[in-house]
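Colleague: Let me begin by handing over the structure; questions about it come next.
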Amino acid sequence: MENKIKILDKTFKPMIPAKDIDKAIDEVAQKLNADYSNTEQPPILVGILNGAVVFLTDLIRKVNFLHEIAFLRVSSYEGTNSTGNIKMHLGLEIDITNRDVIIVEDIVDTGSSIDYLIRYIQSFSPKSVNVCSLFFKPEKYRYSHEIKYPAMNIGNEFIVGFGLDYDQLGRNLKDIYVVCDE
C-alpha cells in the first residue's frame, strides 16, 4: 500500500489493502449465491450512486445467479459528516413489484440513508428487501433493519477509497485510507 495521501485539507493513511477488500467481496458474494441461486425470478441489485459503483462492479462478477441491476442516487454527506437530511436525486426506473431486491451500498454508518432507501423501495411492494454493504459501522448504526450482507465491519473511522469519497474525491483509490492527524 502507498504512504499517506492528501485530499483537499485532510491527510489519510492506509487502512485496508485491496487484497483484503477483494477477499471480503468473495465471501459476501458466496453468501448471496447461497441465498439467491435458486430464486424463481432473478433478484434486482440496486446500486446506490455514486459510492457503491466500484463495489457493485466487483460484486456482480462474483455472483453466479442471474440478476438485474438498477440504480438510485441519494445524498446525505457534506465533507466528513452526515447532514441528517436525505435527498433523492435519482429514483427507480424499473418495476420491482413482487421481486427480491438487494440494496448494494458502499457503507452503512448511522443507517439514516438505508432506512430512507428501504422505506422508499418497500413503497413499490417488492417480495423482499435486503442490504449488502461493503462496509458496516455497527457501533454507529441506529436502526433495526438488518444489514444482512456486510462484507466488512469497521469502527467509526472516516474512510476513502474503493468508491468512498471525501467531497467527491478519492473514489479511485484501490485501497481504503483513513483520515489521520498529520
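Colleague: When the residues of the range 31-52 are narrowed to those that are touching a Lys or Arg at 6+ places or on another chain (Cβ under 8 Å) and either polar (S, T, N, Q) or closer than 16 Å to Ile176 by Cβ (or both), which ends up surrounded by the fewest Cβ atoms within 10 Å (Cβ to Cβ)?
Modeller: Gln41
Colleague: Within the range 24-57, can you find the residues that are among the hydrophobic types (A, V, I, L, M, F, W, C), assigned to a helix (DSSP H, G or I) and touching a residue at least 24 places away in the same chain (Cβ under 8 Å)? Lay out the reasoning, then the answer.
Modeller: First, pick out the residues of the range 24-57 that are among the hydrophobic types (A, V, I, L, M, F, W, C): 24-25, 28-29, 32, 34, 44-46, 48-49, 52-56.
Still in the running and assigned to a helix (DSSP H, G or I): 24-25, 28-29, 32, 34, 53-56.
Listed by number, the residues that qualify are Ala24, Ile25, Val28, Ala29, Leu32, Val53, Val54, Phe55, Leu56.
Colleague: Moving to a separate point now. How many residues are part of a loop (DSSP other than H, G, I, E, B) and under 24 Å from Leu32 (Cβ atoms) when one looks only at the range 141-174? Spell out the reasoning first.
Modeller: In the first step, residues of the range 141-174 are kept if they are part of a loop (DSSP other than H, G, I, E, B); the result is 141-148, 154-158, 162-163, 165, 167-168, 170-174.
Remaining after also requiring under 24 Å from Leu32 (Cβ atoms): 141, 143-148, 154, 162-163, 171, 174.
Going through the range 141-174 one residue at a time, the tally reaches 12.
Colleague: Mind checking whether some residue in the range 56-72 is buried (at least 16 other Cβ atoms within 10 Å of the Cβ), under 30 Å from Phe12 (Cα atoms), out of contact with any Cys (no Cβ under 7 Å at 6 or more places or on another chain) and modelled with pLDDT under 95?
Modeller: yes
Colleague: Tell me yes or no: at least one residue of the range 90-112 is assigned to a helix (DSSP H, G or I), among the small types (Gly, Ala, Ser) and over 17 Å from Leu45 (Cβ atoms).
Modeller: As a first pass, look at the range 90-112 and keep what is assigned to a helix (DSSP H, G or I): 112.
Then drop every residue that is not among the small types (Gly, Ala, Ser), which leaves 112.
Applying the additional criterion that residues be over 17 Å from Leu45 (Cβ atoms) yields 112.
Within the range 90-112 (the criterion being assigned to a helix (DSSP H, G or I), among the small types (Gly, Ala, Ser) and over 17 Å from Leu45 (Cβ atoms)), the answer is yes, since at least one residue qualifies.
Colleague: Say we look at the range 128-173 and pick out the residues that are among the hydrophobic types (A, V, I, L, M, F, W, C) and more than 15 Å from Phe55 (Cβ to Cβ); which of these is modelled with the highest pLDDT? Quick ask: steps written out before the conclusion?
Modeller: Taking the range 128-173 as the starting set, the residues that turn out to be among the hydrophobic types (A, V, I, L, M, F, W, C) are 129, 131-132, 134-136, 147, 151-152, 154, 158-160, 162, 164, 169, 173.
Cutting the leftovers down to more than 15 Å from Phe55 (Cβ to Cβ) gives us 129, 158, 169.
Numbers: Val129: 98, Phe158: 93, Leu169: 95.
Looking at the filtered set, the residue picked out is Val129.
Colleague: Given the structure, is Ser125 loosely packed, with under 15 Cβ neighbours inside 10 Å and either hydroxyl-bearing (Ser, Thr, Tyr) or modelled with pLDDT under 95 (or both)? Give the derivation first.
Modeller: Values: loosely packed, with under 15 Cβ neighbours inside 10 Å: yes; either hydroxyl-bearing (Ser, Thr, Tyr) or modelled with pLDDT under 95 (or both): yes.
So Ser125 fits the description; yes.
The values are calculated or read from the model by the stated rules, or taken from the named source; none is laboratory data. It should be emphasised that the depicted structure is a prediction, and the values quoted were computed from it without experimental measurement. Every residue, glycine among them, receives a Cβ derived from its backbone with ideal geometry; neighbour counts consider all protein chains shown.
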